[in-house]
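Read the structure below first, then the notes.
The values are calculated or read from the model by the stated rules, or taken from the named source; none is laboratory data. If you're wondering where the values come from, they're calculated on a predicted model, not measured in any experiment. Counting neighbours? That spans all protein chains shown, and the Cβs are built from the backbone with ideal geometry, glycine included. The accessibility values were calculated without ligands, DNA or RNA, using every heavy atom of the protein model including side chains. Shrake-Rupley method; radii C 1.70, N 1.55, O 1.52, S 1.80 Å.
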Amino acid sequence: MSVAQIGQSVRRTEDQRFVTGKGRYVDDIGRPGQAHAFFLRSPHAHARIRRIDLHEAQHAPGVVAVLTGDDLAADKIGGLICGWMIHSKDGSPMKAGPHPALAQGKVRYVGDHVAVVIAETLAEAKDAAEKIVVDYEVLPAAVDPAKTQAKGAAQVHDEAPNNTVFNWHLGDKAATDAAFAKASHVTTIDLVNNRLVANAMEPRAAVGDYDSGTDNFTLYTTSQNPHVARLVLSAFIGIAPENKLRVIAPDVGGGFGSKIFIYAEETVCVWAAKKVGRPVKWVAERTEEFLASAHGRDHVTKAELATDAAGKILGLRVHTKANLGAYLSTFSSSVPTYLYAPLLSGQYDIPAIYAEVDGVYTNTAPVDAYRGAGRPEATFVVERLMEVTARQIGMDPAAFRQRNFVRSFPHQTPVIMCYDIGDYNASLKKALELADYKGLGRRKRESARKGLLRGLGFSAYIEACGIAPSAAVGSLGAGVGLWESAEVRVNPVGTVEILTGSHAHGQGHETTFAQLVSARLGIPMEQVSIIHGDTDKVQMGMGTYGSRSGAVGMSAIVKALDKVEAKAKKVAAYCLEASESDIEFKDGRFTVKGTDKGLSFGEVALQAYVAHKFDGQELEPGLKEGAFYDPKNFTFPSGVHIAEVEIDPETGVTRVDRWTAVDDFGVLINPLIVEGQVHGGIAQGIGQAMMEGAVYDQSGQLVTASYMDYRMPRAEDFPLYQIATTSTPCPSNPLGIKGCGEAGAIASPPALINAITDALGHEDIAMPATPQAVWKAAQKTVHKLAAE
Amino acid sequence: MYAFDYHRPATVRQAAGLLAKKEDAKLLAGGQTLLPTMKQRLAAPPHLIDLSRVDDLKGIAVKGRSLVIGAMSTHYEVTTSAIVGEAIPGLAALAGLIGDPAVRHKGTIGGSVANNDPSADYPAALLAMGATVITNKRKIPADEYFQGLFTTALEDGEIITKVSFPIPGKFGYAKFRHPASRYALVGVAVAKRGSDIRVTVTGAGADGVFRWAAAEAALKARFAVKSLDGLEHGPEGINGDIHGSPEYRGHLIGVMAKRAVASALGK
């Protein structure tokens, strides 16, 4: 392998081990003497626990221990936390109930953790769990987010009257109301953003280990951010001080947000390891993933858009009820607030915006970030409103968007965000061309001849990622800073180890990061190793989510590389007997300006370590630098996606026929990996729009608790995408990159629903637009066509 | 999964002997339903009798005017069999629509017919073609064999050895897949043998596979897609769940029936 370049489509180096079964996941880890944990879960959505009889289970074959919430309380182990404080519009702090890792007195959703059985084998743990007798007093359940605040609804937590965690708002209500008062047209829509299950290929897992000799704990866990896990487990839950707790997140097989959070099971495994004196392992079964990993989305929204006679937007008003589930997960409060409402300006110049959000409890699994986290929900609101408004006022949807695009930068929206750069029309123009928008009429007629309905839909999205400036998020209630760290360790012969606080769980960091370092230092990629996911190796980091590993994680690497280069120049100056200011570094060589004298990067590294050519008192030996990088602003990837569908009105089957995506991610490090991220994002977005949906029945049972009922997207569901990019390099980070991990999932649902409603000729359909839903909606269309 | 004893007989006789001797024993004929159920601890047979090494249960052949398929023939074997493809191409196509490749390589026709899942594909084919289920004890006509959800005429100790299909003049099957599970949300089979025409429906019936008399009558007048124009099944007696209300499934029966006729006519 040779020296890589920025912008080169280098193939992913980590895939060799992943596709040949050599990855090392948590389930591949076995500790000597390891016992197995099985969690007894609540079969009820809401119940008081009158009594738990453990006797028979404790004496079942192979059982090491059976533990409950009482044992956690006795050991003074704290509950799980929500790390983002939201204040209601009356200024009061959000009202949160306790969240014990094992139930204490009450269970609040099907799948809630009642007890853990630790046994020699998993089968024995399961057998024993069947012998636990729990006396439940079953209570009425609050399941529907639209009804949970109503008088008489079951109360999930006494601490949150009317199941209302917060009633938060953003924007200027008076100015927005005034804008609506002078509008010539108001579009009103009611939307449901359907509830999703993340469905990472690898289920969650944890192994807790305790060394009584050193009093050190180790937790192996499927985490997107092991350092945050350590911080929470230490400082809030109280497992052990940070210096006594090592958290390792080895290869992790997908997260999509669901592995950001600190969960009950990993807490229990690491705590129990000391309590029972054995390493304790737990691996979720798929059903447990459905029941008890955090779900995503689940909004009920009323939204209005005010326009003037010329089709210029005057104002936007939104009221959302956001289902937070039965407990507040780690970042759940931030998702429907600060990751949602600040994106409601979309790509448009909107003078007044007012958003109100009720965060509500229900007797369902906790809801937290899922790919895009808040931003897909906002984009769905904005882009449905744009399309519906264009149809209602009789404007071409592309032209309506063009009329309202933000055209000059920086642009301060009325909802916090200051867009730094972009060229929204460039993406739209390119997308219109690639999608052959002009040929749509012809294609529609061709479909009609076959008895099929064809439609096209737009989505011009913006996202705020590269999360996030620490002081800014701190002022909004975040409990942590969102910088990133990097350490560059140059070895004596010039190989390099990069320690990063970012965590890879499918994104290809080992390739992209090594590519960056290779290009920068002029050394072959295979001389660069990327080390992540171990709190004993990487000192501190904030992990991977919110499309932040490129914009923030790689910027930290650049900052550390700058320091390495500066130090190496000093070493080179001594060795080459030149002044430091005369040393140039290019293509992996340090040279003296205007001469042919020079040293390779490896030679300088060796000199830095042997320290023969300089005075160790004047210049420290060694070549190792670290950096913390705090972003100056969010980054604002944007783009236009165009979906085209063909519906069989006889069956409701909707075929996604064409998909065009034109994204502006700024500078691309590895276009191949970027394209892969876009593909995956669109797949998940199409999944949300047409297939996926977590459904609870009225009693709070999860109807879609397996793949027999939860419809995952399949390869055959997708057309060949037409993907292109435009580029306005991001001005706020040294690489000019914006992030691409979530864009596809953010952009695609409204594009698809806009296409389906275009085909149907009316707006009456919700996500997921399943065959049954589309068939039902198409009846109206067929009748309308017949009447015409 | 609970612990169980595993038995692997080499002959039908040995299998029948084990079945008689071992209390609550279950036959393992591919296991694509049984094993997931056991893994979820929803079934706990103390004995499993694996039929995969019983050679008598294998093989596909045309005998006289019938296609005879050994009970342990996998869906993959049926769908790729040149004999099936020649004799009843629609049946080969049906087998190729079952589950996914992993299921098709393990699941068998005997296992499917014995389980009689109301959303399985094979029951529609057997009932439409008037097939005979042959066991170690007797021959059971399809008309008598299917008796409702997961219920069949099989008695204790009885092992399906073969399924015999009288080769029809025309046969077609159209399946609307359940979006998640890929079982039949609605599957309709149409068979024509001389003047005998049958239309059968799987996936939709509240009581399992059934014949749709109105469609049969319509096709008797003329075996053509057009004969079914305007014919709707309606929601009565039809299943409903989040993926398909009785109205939707009832409607799909009409649509799939037309597509099955088209397929039978090679269109």
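Of the residues in the range A:66-89, how many are buried (at least 20 other Cβ atoms within 10 Å of the Cβ) and among the hydrophobic types (A, V, I, L, M, F, W, C)? Summing the residues that are buried (at least 20 other Cβ atoms within 10 Å of the Cβ) and among the hydrophobic types (A, V, I, L, M, F, W, C) in the range A:66-89 gives 8.
Can you tell which of B:S263, B:S245 is open to solvent by 10 Å² or more (accessible area, probe 1.4 Å) and within 13 Å of chain A (Cβ to nearest Cβ)?
Numbers: B:S263 fails: within 13 Å of chain A (Cβ to nearest Cβ).
Selected residue: B:S245, the only one of B:S263, B:S245 that is open to solvent by 10 Å² or more (accessible area, probe 1.4 Å) and within 13 Å of chain A (Cβ to nearest Cβ).
Of all residues in the range A:447-470, those that are surrounded by fewer than 20 Cβ atoms within 10 Å (Cβ to Cβ) and touching a Gly at 6+ places or on another chain (Cβ under 8 Å) total 1.
Report yes if A:P100 is over 22 Å from A:R51 (Cβ atoms) and either polar (S, T, N, Q) or more than 14 Å from chain B (Cβ to nearest Cβ) (or both), otherwise no. No, not satisfied. Is it the case that the range A:327-346 has a residue that's more than 20 Å from the chain's Cα centre (by Cα), farther than 30 Å from A:P100 by Cβ and either away from chain B (no Cβ under 14 Å) or open to solvent by 10 Å² or more (accessible area, probe 1.4 Å) (or both)? Yes, because at least one residue in the range A:327-346 is more than 20 Å from the chain's Cα centre (by Cα), farther than 30 Å from A:P100 by Cβ and either away from chain B (no Cβ under 14 Å) or open to solvent by 10 Å² or more (accessible area, probe 1.4 Å) (or both).
Among the residues of the range B:33-61, write down those that are aliphatic (A, V, I, L, M) and away from every other protein chain (no Cβ under 14 Å).
Across the range B:33-61, the qualifying residues are B:L34, B:L35, B:A43, B:L48, B:I49, B:L51, B:V54, B:L57, B:I60, B:A61.
Looking at B:L18, B:L67, just one residue is farther than 21 Å from B:L154 by Cβ, outside any loop (DSSP other than H, G, I, E, B) and open to solvent by less than 60 Å² (accessible area, probe 1.4 Å), and that residue is B:L67. Is it true that some residue in the range A:732-750 is basic (K, R), within 14 Å of chain B (Cβ to nearest Cβ) and closer than 19 Å to A:Q677 by Cα? Scanning the range A:732-750 turns up no residue that is basic (K, R), within 14 Å of chain B (Cβ to nearest Cβ) and closer than 19 Å to A:Q677 by Cα.
One residue alone among A:I756, A:I765 is surrounded by fewer than 24 Cβ atoms within 10 Å (Cβ to Cβ) and either within 33 Å of the chain's Cα centre (by Cα) or within 14 Å of another protein chain (Cβ to nearest Cβ) (or both), and that residue is A:I765.
Return yes when A:A573 is among the small types (G, A, S), touching a Lys or Arg at 6+ places or on another chain (Cβ under 8 Å) and either outside the structural domain of A:T330 (by TED's automatic domain parsing) or under 20 Å from A:G257 (Cα atoms) (or both) and no when it is not.
Values: among the small types (G, A, S): yes; touching a Lys or Arg at 6+ places or on another chain (Cβ under 8 Å): no; either outside the structural domain of A:T330 (by TED's automatic domain parsing) or under 20 Å from A:G257 (Cα atoms) (or both): yes.
No; evaluated as a whole, the condition is false for this residue.
Please determine whether any residue of the range A:25-40 is small (G, A, S), in a helix (DSSP H, G or I) and in contact (Cβ under 8 Å) with a residue 12 or more places away in the chain. I'd like the intermediate steps shown before the answer.
Filtering the range A:25-40 for residues small (G, A, S) gives A:30, A:33, A:35, A:37.
When the remaining residues are screened for being in a helix (DSSP H, G or I), the result is none.
Looking for residues that are small (G, A, S), in a helix (DSSP H, G or I) and in contact (Cβ under 8 Å) with a residue 12 or more places away in the chain, one finds none in the range A:25-40, hence no.
Residues A:V318, A:V300, A:V357: which one is open to solvent by 10 Å² or more (accessible area, probe 1.4 Å) and among the aliphatic types (A, V, I, L, M)?
Sole residue among the options that is open to solvent by 10 Å² or more (accessible area, probe 1.4 Å) and among the aliphatic types (A, V, I, L, M): A:V300.
Inclusion of A:D127 among residues that are open to solvent by 20 Å² or more (accessible area, probe 1.4 Å), modelled with pLDDT of 95 or more and within 14 Å of chain B (Cβ to nearest Cβ) is warranted. Here A:I723 fulfils each of the conditions (1) within 14 Å of chain B (Cβ to nearest Cβ); (2) not in a helix (DSSP H, G or I) apart from (1).
So which of B:S181, B:S227, B:S195 ends up being within 14 Å of another protein chain (Cβ to nearest Cβ) and of a type in the set (S, T, Y)?
Working: B:S227 fails: within 14 Å of another protein chain (Cβ to nearest Cβ); B:S195 fails: within 14 Å of another protein chain (Cβ to nearest Cβ).
Going through B:S181, B:S227, B:S195 in turn, the sole match is B:S181.
Pairs meeting the criteria (first residue in the range B:97-116 and among the basic types (K, R), second residue in a helix (DSSP H, G or I) and open to solvent by 20 Å² or more (accessible area, probe 1.4 Å), beta carbons under 7 Å, at least 6 apart or on different chains) are B:R104/B:Y76; B:R104/B:T79.
I'd like to know if the range A:642-664 contains one or more residues that are in a strand (DSSP E or B), more than 14 Å from chain B (Cβ to nearest Cβ) and aromatic (F, W, Y). Scanning the range A:642-664, I find at least one residue that is in a strand (DSSP E or B), more than 14 Å from chain B (Cβ to nearest Cβ) and aromatic (F, W, Y), so the answer is yes. Being over 25 Å from B:T152 (Cβ atoms) and in contact (Cβ under 8 Å) with a residue 60 or more places away in the chain is a property that B:L219 lacks. Are any residues in the range A:513-534 surrounded by fewer than 24 Cβ atoms within 10 Å (Cβ to Cβ) and of a type in the set (S, T, Y), and if so, which ones? Across the range A:513-534, the qualifying residue is only A:S529. Of the residues A:S581, A:S638, A:S600, only one is of a type in the set (S, T, Y), out of contact with any Ser or Thr (no Cβ under 6 Å at 6 or more places or on another chain) and open to solvent by 70 Å² or more (accessible area, probe 1.4 Å); which? Answer to the selection: A:S581.
Select from the range B:1-15 the residues that are away from chain A (no Cβ under 14 Å) and either within 17 Å of B:P45 (Cβ to Cβ) or open to solvent by 70 Å² or more (accessible area, probe 1.4 Å) (or both) and list them in ascending order.
Quick first cut of the range B:1-15, residues away from chain A (no Cβ under 14 Å) only: B:5-15.
Hits for the range B:1-15 are B:D5, B:Y6, B:H7, B:R8, B:P9, B:R13, B:Q14, B:A15.
Return the only residue of A:M691, A:M708 being modelled with pLDDT of 95 or more, surrounded by fewer than 24 Cβ atoms within 10 Å (Cβ to Cβ), under 29 Å from A:A464 (Cα atoms) and within 14 Å of chain B (Cβ to nearest Cβ). Lay out the reasoning, then the answer.
Working: A:M708 fails: under 29 Å from A:A464 (Cα atoms).
Sole residue among the options that is modelled with pLDDT of 95 or more, surrounded by fewer than 24 Cβ atoms within 10 Å (Cβ to Cβ), under 29 Å from A:A464 (Cα atoms) and within 14 Å of chain B (Cβ to nearest Cβ): A:M691.
Looking only at residues in the range B:99-110 that are open to solvent by 20 Å² or more (accessible area, probe 1.4 Å) and either over 16 Å from B:L35 (Cβ atoms) or among the small types (G, A, S) (or both), the one that is nearest to the chain's Cα centre (by Cα) is B:G99.
Filtering the range A:151-182 down to residues that are of a type in the set (D, E, K, R) and outside any helix (DSSP H, G or I), which residue is surrounded by the fewest Cβ atoms within 10 Å (Cβ to Cβ)?
From the range A:151-182, those of a type in the set (D, E, K, R) are A:151, A:158-159, A:172-173, A:177, A:182; that's our starting set.
With the extra rule that they be outside any helix (DSSP H, G or I), the set shrinks to A:151, A:158-159, A:172, A:182.
Values: A:K151: 5, A:D158: 10, A:E159: 13, A:D172: 17, A:K182: 10.
Once the filter is applied, the top-ranked residue is A:K151.
Take the conditions small (G, A, S), surrounded by 23 or more Cβ atoms within 10 Å (Cβ to Cβ) and in contact (Cβ under 8 Å) with a residue 40 or more places away in the chain and apply them to A:A773. Does it pass?
Details: small (G, A, S): yes; surrounded by 23 or more Cβ atoms within 10 Å (Cβ to Cβ): no; in contact (Cβ under 8 Å) with a residue 40 or more places away in the chain: yes.
No, not satisfied.
Would you kindly identify the strands (runs of 3 or more DSSP E) lying entirely within the range B:136-209 that contain at least 3 residues that are open to solvent by less than 10 Å² (accessible area, probe 1.4 Å) and not aromatic (F, W, Y)? If you could, list the steps in order and put the result at the bottom.
Numbers: elements: B:139-141, B:160-166, B:170-177, B:184-193, B:196-202.
It comes to B:184-193, B:196-202.
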